[in-house]
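Notes to accompany the following structure.
The values are calculated or read from the model by the stated rules, or taken from the named source; none is laboratory data. Model, not experiment: these values are computed from the prediction. Every residue, glycine among them, receives a Cβ derived from its backbone with ideal geometry; neighbour counts consider all protein chains shown.
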Amino acid sequence: MSTEPDASGITDALTKALQVVQDGQRAQEEAGSQTVEVEVAEGMIRVGATLAGKVTVKLVDPRSVRLGIEVLSEEITIGVNAALDAAREQAGMPGAIDLDALSEKVEEIQQQSVQRLSSFMSSLADSQAKIVRAAAEAKGVE
């Protein structure tokens with residue numbers, strides 16, 4: 001592979017795009033592995049959730065089973081939803097994924113790459129035309 005500088009800037013743009021994707025994946029993995037816990041039913045039930053959707057339910061007080069199946073189910077549902085909401089809220093903190101910003105950056109890099117590739121191809125076509133003209137002139141053909 002050539003070590004000459006890339007005048008078109010394509011390598012630089014692709015390197016930036018790859019870095020943005022890797023940063024996004026890393027942030028997503030970090031946010032997905034952090035557990036957020038909430039308590040419901042006056043502290044009798046503890047629910048944990050991650051942004052990746054993993055949920056744990058702990059009945060921390062034996063009195064929770066006396067709530068009845070409907071109330072217990074409702075409290076667990078409330079806890080799961082609250083924990084998932086808290087995990088999403090936590091993902092909005094620094095270091096988490098900002099999908100809008102990531103998308104904008106990828107689009108920006110894509111536009112730069114297209115412009116640079118277009119410029120490179122135009123220069124290549126111009127160079128080829130000059131070479132063809134020079135070869136034709138050297139042969140005495142016009």
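Condition test on residue 130, is it assigned to a helix (DSSP H, G or I) and within 27 Å of residue 25 (Cβ to Cβ)? In short, no.
For region 81-98, the tally of residues that are surrounded by 12 or more Cβ atoms within 10 Å (Cβ to Cβ), of a type in the set (A, V, I, L, M) and at pLDDT below 80 stands at 3. Residue 70: assigned by TED's automatic domain parsing to the domain that holds residue 40, of a type in the set (D, E, K, R) and modelled with pLDDT of 80 or more, yes or no? Yes. Pairs are defined by a Cβ separation below 8 Å, a sequence spacing of at least 6 or placement on different chains, a first member in region 51-75 that is under 24 Å from residue 88 (Cβ atoms), and a second member that is of a type in the set (D, E, K, R) and in a helix (DSSP H, G or I); the pairs so defined are 51/88.
Being surrounded by 13 or more Cβ atoms within 10 Å (Cβ to Cβ) and in contact with a helix residue (DSSP H, G or I) (Cβ under 9 Å, 6 or more places away or on another chain), is that true of even one residue in region 118-136?
Residues of region 118-136 surrounded by 13 or more Cβ atoms within 10 Å (Cβ to Cβ): 119-120.
Still in the list and also in contact with a helix residue (DSSP H, G or I) (Cβ under 9 Å, 6 or more places away or on another chain): 120.
Scanning region 118-136, I find at least one residue that is surrounded by 13 or more Cβ atoms within 10 Å (Cβ to Cβ) and in contact with a helix residue (DSSP H, G or I) (Cβ under 9 Å, 6 or more places away or on another chain), so the answer is yes.
Filter region 24-50 down to the residues that are assigned to a helix (DSSP H, G or I) and without any contact (Cβ under 8 Å) to a residue 12 or more places away in the chain, then identify the one that is nearest to residue 87 (Cα to Cα). In this case the residue turns out to be 29.
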